[in-house]
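Student: The structure is given below, and queries will be raised subsequently.
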Amino acid sequence: MVTSVSLDELLRDRIIHKVNPDQRLAGRALLRARRDIATAGTLIGNGEFDWSLAIAYNAMLSSGRALMFSRGYRPSSTEGHVAVVRFLHAVLGAEASDRMVMAMNGLRKKRHVIVYEEMGVVSEDEARQAVRWAEEFVKKMETMIKTD
């Protein structure tokens, strides 16, 4: 579990950085997320369940980064993926982040295993669930960005 902290703490600890809000960059990250969801679905159809999960996670990561960009933040280069997860915990609040960000963080950890350690560790059901989570997550990020 990634502990929740405030944006001020994340900035102070240099986990995230303040930048000018960039709606164009946010929009491109959302396009990438939508592309990744489609790719993850195609990979399931091809029996590539490991990569489908990894790409579904990438859709969540890209849309989380989109929210960061739209609000004027970026992850540090050293904290990368974890910085996005921690940022989301800070801005979504406990209720929203408990389920959605925990799912994203679980996929982040599973992706690490897939990319760096083992192959063939994701079932078809697990891959399909990852794609459903990614679809829900990306929609949530799109809605939040539109209301900013």
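The values are calculated or read from the model by the stated rules, or taken from the named source; none is laboratory data. Nothing here was measured: the structure is a model prediction, and the numbers come from that model. Cβ sites come from the backbone with ideal geometry, for glycine too, and all protein chains shown count toward neighbours.
Student: Mind checking whether some residue in the stretch 9-17 is surrounded by 22 or more Cβ atoms within 10 Å (Cβ to Cβ) and basic (Lys, Arg)?
Tutor: Within the stretch 9-17 (the criterion being surrounded by 22 or more Cβ atoms within 10 Å (Cβ to Cβ) and basic (Lys, Arg)), the answer is no, since none of the residues qualifies.
Student: Give me the residue from the stretch 99-148 that is of a type in the set (S, T, N, Q) and modelled with pLDDT of 90 or more and, out of that set, nearest to Tyr57 (Cα to Cα).
Tutor: For the stretch 99-148, the residue satisfying everything is Gln129.
So that you can scan it fast, the table gives a plain yes or no per residue for (1) buried (at least 17 other Cβ atoms within 10 Å of the Cβ); (2) over 13 Å from the mean Cα position of the chain (by Cα):
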| site | (1), (2) |
| --- | --- |
| Leu67 | yes, no |
| Glu79 | yes, yes |
| Val85 | yes, no |
| Leu88 | yes, no |
| Met100 | yes, no |
| Met119 | no, yes |
| Asp125 | no, yes |
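Student: What are the residues in the stretch 42-83 that are of a type in the set (Val, Ile, Thr) and either in contact with an Asp or Glu (Cβ under 9 Å, 6 or more places away or on another chain) or closer than 14 Å to Ala134 by Cβ (or both), if any?
Tutor: Thr42, Ile44, Ile55
Student: Now for a different question. Just to be sure, is Thr39 out of contact with any Asp or Glu (no Cβ under 9 Å at 6 or more places or on another chain), assigned to a loop (DSSP other than H, G, I, E, B) and surrounded by fewer than 21 Cβ atoms within 10 Å (Cβ to Cβ)?
Tutor: No, not satisfied.
Student: When you check Ala26 against the structure, is it within 23 Å of Glu126 (Cα to Cα) and part of a helix (DSSP H, G or I), yes or no?
Tutor: No; evaluated as a whole, the condition is false for this residue.
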